[in-house]
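The values are calculated or read from the model by the stated rules, or taken from the named source; none is laboratory data. Worth saying up front: this structure is predicted, and the values here are computed from it rather than measured. Because the Cβ atoms are built from the backbone with ideal geometry, glycine has one as well, and the counts that use them run over all protein chains shown.
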Amino acid sequence: MMELLGRIAGALANLNSEELSRLIQEALEGGIPPTRILEDGLRRGLEEVGRRFEAGEYFLSELLYGADLMSESMKTLASRFNFEGSGGRGVIVLGTVRGDIHDIGKNIFKMFAEGCGFKVYDLGVDVDPERFIEAVSEENPDVLGLSALLTTVLPEVELVVKKLEEAGLRDKVKILLGGNAVTEEFGRRIGVDGVAADAVQGVGLCREWTAGGRA
């Protein structure tokens, strides 16, 4: 299984559309769960595309093409996500905090959450704390998802939590953190409800929190 997933990652990293499509189909026919294809194949491949871009090996056009391949691959996988009772699970407000423009992990989580029946309001990247507060007030979500890849933006994550408390909204929503910068220890220190290492774990937490109805 891991060998095939590695080849999927390599096909995406090398921007080989035909090979990628063929390998994904082979993995699905071989019974590999879509979640594993997503996390251990596609995500790794897209991260390598990003690394090559940062190293000057790929140009912007290649970076964008890699993102397009990821999007098309996710469309193929979307119909294969099968979760019992997945319809109408709840509402998630999602965004990457101010000072960070990374969105790969956020976008994967969004697609996965929507595939599980959640309605997702994606605020995008480099989101001001006040915009998160407005969205929570306006949309009354079950979950607020904050993404942070850079350690330099951790104070922004903490600031969003603080402003939620000041606005009297903290107890009305579950807070989920994701991204390479966040840790369980950091999450406990600032008082959030959960920290996810990947999209599968994150959506799993959202499902647990909404299993009994609205938060």
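Within the range 11-18, does at least one residue satisfy the condition of being farther than 20 Å from Q201 by Cβ, of a type in the set (S, T, N, Q) and in contact (Cβ under 8 Å) with a residue 12 or more places away in the chain? Yes - at least one qualifying residue is present in the range 11-18.
Which of the residues belonging to the range 40-50 are within 21 Å of L63 (Cβ to Cβ) and either in contact with a Pro (Cβ under 9 Å, 6 or more places away or on another chain) or among the charged types (D, E, K, R) (or both)? Show your work before the answer.
So the first thing to find is which residues in the range 40-50 are within 21 Å of L63 (Cβ to Cβ), and the list is 41-50.
R43, R44, E47, E48, listed by residue number.
Quick check, is E39 closer than 16 Å to G105 by Cβ, of a type outside the set (K, R) and crowded, with 18+ Cβ neighbours inside 10 Å? Spelling it out, E39 is indeed closer than 16 Å to G105 by Cβ, of a type outside the set (K, R) and crowded, with 18+ Cβ neighbours inside 10 Å. Being surrounded by fewer than 16 Cβ atoms within 10 Å (Cβ to Cβ), free of Cβ contacts under 8 Å to residues at least 12 places away in the same chain and closer than 19 Å to F132 by Cα is the filter here; which residues of the range 163-205 pass it? E165, E166, G168, D171 - these are the residues of the range 163-205 that are surrounded by fewer than 16 Cβ atoms within 10 Å (Cβ to Cβ), free of Cβ contacts under 8 Å to residues at least 12 places away in the same chain and closer than 19 Å to F132 by Cα.
Identify the residue in the range 110-129 that is modelled with pLDDT of 85 or more and in contact with a helix residue (DSSP H, G or I) (Cβ under 7 Å, 6 or more places away or on another chain) and, among all such residues, is surrounded by the most Cβ atoms within 10 Å (Cβ to Cβ).
Residues of the range 110-129 modelled with pLDDT of 85 or more: 110, 118-129.
Still in the running and in contact with a helix residue (DSSP H, G or I) (Cβ under 7 Å, 6 or more places away or on another chain): 118, 120-123, 129.
Values: F118: 24, V120: 19, Y121: 17, D122: 20, L123: 18, P129: 19.
Here the residue is F118.
Among D40, D103, which is the only one that is under 15 Å from the mean Cα position of the chain (by Cα) and not assigned by TED's automatic domain parsing to the domain that holds P141? Of D40, D103, the one residue that is under 15 Å from the mean Cα position of the chain (by Cα) and not assigned by TED's automatic domain parsing to the domain that holds P141 is D40. Evaluating G66 against the criteria (1) surrounded by 13 or more Cβ atoms within 10 Å (Cβ to Cβ); (2) more than 12 Å from I104 (Cβ to Cβ) leaves one unmet condition, (2).
Does G10 meet the test of being small (G, A, S), in contact with a helix residue (DSSP H, G or I) (Cβ under 9 Å, 6 or more places away or on another chain) and either assigned by TED's automatic domain parsing to the domain that holds F118 or at pLDDT 85 or above (or both)? Here the answer is yes, as G10 does meet what is asked.
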